[in-house]
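Since the structure comes first, as structure tokens, the remarks are kept for the end.
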């Protein structure tokens, strides 16, 4: 996977060694608490974004259907200005990640399938717009407010540039 998230070969490593099993045995009992903490942080993000009026066009928040239980391993927002927003958040010292910058149909490992740019426009748009913001369970309310305030400042600056 060089560069990161660019795949030249299809593959996987699905074996668990003894050390991984020992770590999992210790961590597994905490999984529900960690998931609940991330879910609470996701709910707080939604409240903070709503309170600042962000999310109607400039930022799209992840779906959270009532009949599902999202664990929020990532909290991925979408914006057409993803790269500029990432740069802005980096300048503020806020960690972000772009997990899947290239959709599967455009990965080198799937080139023999013959798909071309434009054939899966929704996947391509998602790959270009998605940005994960911090969601770990120990994230404090103040840290989340700082993240959302930084995004609000960016959105406000971007909106001002358009007018």
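Just a yes or no: is a residue in segment 72-84 farther than 14 Å from residue 148 by Cα, in a loop (DSSP other than H, G, I, E, B) and over 15 Å from the mean Cα position of the chain (by Cα)? No. When you scan segment 109-130, do you find a residue that is under 25 Å from residue 7 (Cβ atoms), surrounded by 14 or more Cβ atoms within 10 Å (Cβ to Cβ), modelled with pLDDT of 95 or more and in contact with a strand residue (DSSP E or B) (Cβ under 6 Å, 6 or more places away or on another chain), even just one? Yes: segment 109-130 contains one or more residues that are under 25 Å from residue 7 (Cβ atoms), surrounded by 14 or more Cβ atoms within 10 Å (Cβ to Cβ), modelled with pLDDT of 95 or more and in contact with a strand residue (DSSP E or B) (Cβ under 6 Å, 6 or more places away or on another chain).
Restricting to segment 50-71, what's the tally of residues that are in contact with a strand residue (DSSP E or B) (Cβ under 7 Å, 6 or more places away or on another chain) and either in a loop (DSSP other than H, G, I, E, B) or within 14 Å of residue 156 (Cβ to Cβ) (or both)?
Here the count works out to 3.
Does residue 12 satisfy being within 20 Å of the chain's Cα centre (by Cα), part of a loop (DSSP other than H, G, I, E, B) and free of Cβ contacts under 8 Å to residues at least 60 places away in the same chain?
No, not satisfied.
A residue that is assigned to a strand (DSSP E or B) and either touching a residue at least 12 places away in the same chain (Cβ under 8 Å) or exposed (fewer than 13 other Cβ atoms within 10 Å of the Cβ) (or both) can be found somewhere in segment 87-99.
The C-beta contact set for segment 26-38 (first residue in a helix (DSSP H, G or I), second residue surrounded by 11 or more Cβ atoms within 10 Å (Cβ to Cβ), distance under 6 angstrom, 6+ apart or interchain) comprises 34/137; 35/71; 37/137; 38/72; 38/135; 38/137.
The values are calculated or read from the model by the stated rules, or taken from the named source; none is laboratory data. Just so it is clear, the model here is predicted, and its values are computed rather than measured. Ideal geometry is used to build each Cβ from the backbone, glycine not excepted, and the neighbour counts take in all protein chains shown.
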